[in-house]
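Please read the structure below before turning to the comments.
The values are calculated or read from the model by the stated rules, or taken from the named source; none is laboratory data. What you see is a predicted model; the values in this text were computed from it and never measured. Cβ placement follows ideal geometry from the backbone for every residue including glycine, while neighbour counts extend to all protein chains displayed. All accessible areas refer to the heavy atoms of the entire protein, side chains included, with ligands and DNA or RNA removed. Shrake-Rupley method; radii C 1.70, N 1.55, O 1.52, S 1.80 Å.
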Amino acid sequence: MKVDGKHYRTIWPVDGGRIVRVIDQTKLPFRFELLDLTTVAQAASAIKTMVVRGAPLIGATAAHGMALAMRADPSDQHLNSAYDLLLATRPTAVNLAWSLNRARQVLQPLKPSARAEAAEALAVEICDSDALANETIGNHGEALIRSIAAKTTKKRINILTHCNAGWLATVDWGTALAPIFKAHDHGLAVHVWVDETRPRNQGASLTAWELAKHGVPHTLIVDNAGGHLMQHGEVDLCIVGTDRTTSTGDVCNKVGTYLKALAAHANQVPFYVAAPSSSIDWTLRDGVAEIPIEHRDPREVTQMFGEDENGTVGEFRIVGKETSALNIAFDVTPAMYVTGLITERGVCAATSSGLKSLFPESA
Ligand code: MRU
């Protein structure tokens, strides 16, 4: 996608793969800065500290991290330690394990001398296929938005989204935002309600920034406003992303997604999840019981990050020092609240048979 007229992906190799360049998302929306990763430790740290984040981009960064590791030392021992280091960075998005398992499967049978090149080729392939899958999700999702627009006399379609499932969360295009970019580009009047998404405010700092850069009309709302807007007919559909989707259609996404799905269900608002196949965990059936939920530093709840009137960017406390906080980063929306899954192979019901109809080989 474009930033000030220039096309960017969120991650790309430089200097024949010696460097992996990423957009430092901890600096947005205040500064657009690039960061170079040259070691597997730096790649792991970028995932852990959320310089890069979003399920598909976490997977893509891990693949590039394996390539950096193999370039430094292609031994069996280093292959295993790089795999373990990267896998331990964040627990919820299944794209991480998906990408690392693919890398291990390709690299382990090879002679060490062949591993660096193969790891680099795989990382490039994972990135390219992510961008393509998301663009295809955009086409399927755009058709869906058009079908909803065809049933209303409203001048514009209001779409609510939570967190950031835009191009910054992927290699390119995004998942939940791809249909919105496509619909907007093709002349459909869309407007996006952007949940700010406390505590890290990925909606406010990333989704709103992306939409603004692309010229898509949008309005930032506090996380608790969605239910009210739905009650008053101001939301035509919700589209969110997913960090892990079970084989039965349960969806784990940024904390607060579940409450939006409940409000959508109560107000008969369609609730769609943009789910690339890389985020489906075919081994799980019960999302609430089985998906590991990341707990993060409570400081993300007690502190906020922003820019003051002098342009100084920094962190400030929003609660008294005697109060402690709990930082649950994800929640699970049971399949019964999901109207449909938008995948790269089309839209299906959030059920085992729906997923099986599109992905018979995996199910
Ligand atoms: O903690 P984050 O910012 O990595 O969480 C991101 C989300 O929850 C996204 O909605 C999800 O990864 C889907 S992204 C295409």
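Some notes on this structure:
- Part-to-part distance (alpha-carbon centres) for the stretch 112-181 and the stretch 16-72, which is given in Å: 19
- Reachable aspartates and glutamates, given that their alpha-carbon falls under 20 Å from the alpha-carbon of Lys155 and they are not under 8 places away in the same chain: Glu142, Asp185, Glu234, Asp236
- Cross-link pairs beyond the 28 Å C-alpha cut-off, checked among Lys48/Lys356; Lys260/Lys356; Lys213/Lys321: Lys48/Lys356; Lys213/Lys321
- Surface accessible to a 1.4 Å probe, Leu34 within the full protein complex, Å²: 80
- For Ile221, the residues 5 or more places off, or on other chains, whose built amide H falls under 5 Å of its own are Val194, Asp195, Glu196.
- Per-residue ³J(HN,Hα) for the stretch 204-210, Karplus 6.51 cos²θ - 1.76 cosθ + 1.60, θ = phi - 60°, Hz, x for Gly and Pro: 5, 8, 10, 5, 4, 5, 4
- Counting only Cβ charges, +1 for Lys and Arg and -1 for Asp and Glu, the dipole size of the stretch 139-358 around its Cα centre is about 660 debye.
- Whether the stretch 139-358 is rounded, prolate or oblate, judged on the alpha carbon gyration tensor where a/c under 1.5 counts as rounded: oblate
- Degrees separating the helix 55-72 axis from the principal Cα axis of the chain, which is the longest one: 10
- Charge tally around Glu294: other residues with Cβ under 14 Å, Lys/Arg +1 each, Asp/Glu -1 each, net +3.
- Rounded Å value of the spacing that divides the Cα centres of the stretch 86-105 and the stretch 338-359: 23
- For the chain, built as a Gaussian network whose Cα springs stay under 10 Å, the top-fluctuating residue of Thr242, Thr136, Thr219: Thr219
- Among 35-48, 154-167, the peptide with the highest mean count of other Cβ atoms within 10 Å heads the list, and the full ranking is 154-167, 35-48.
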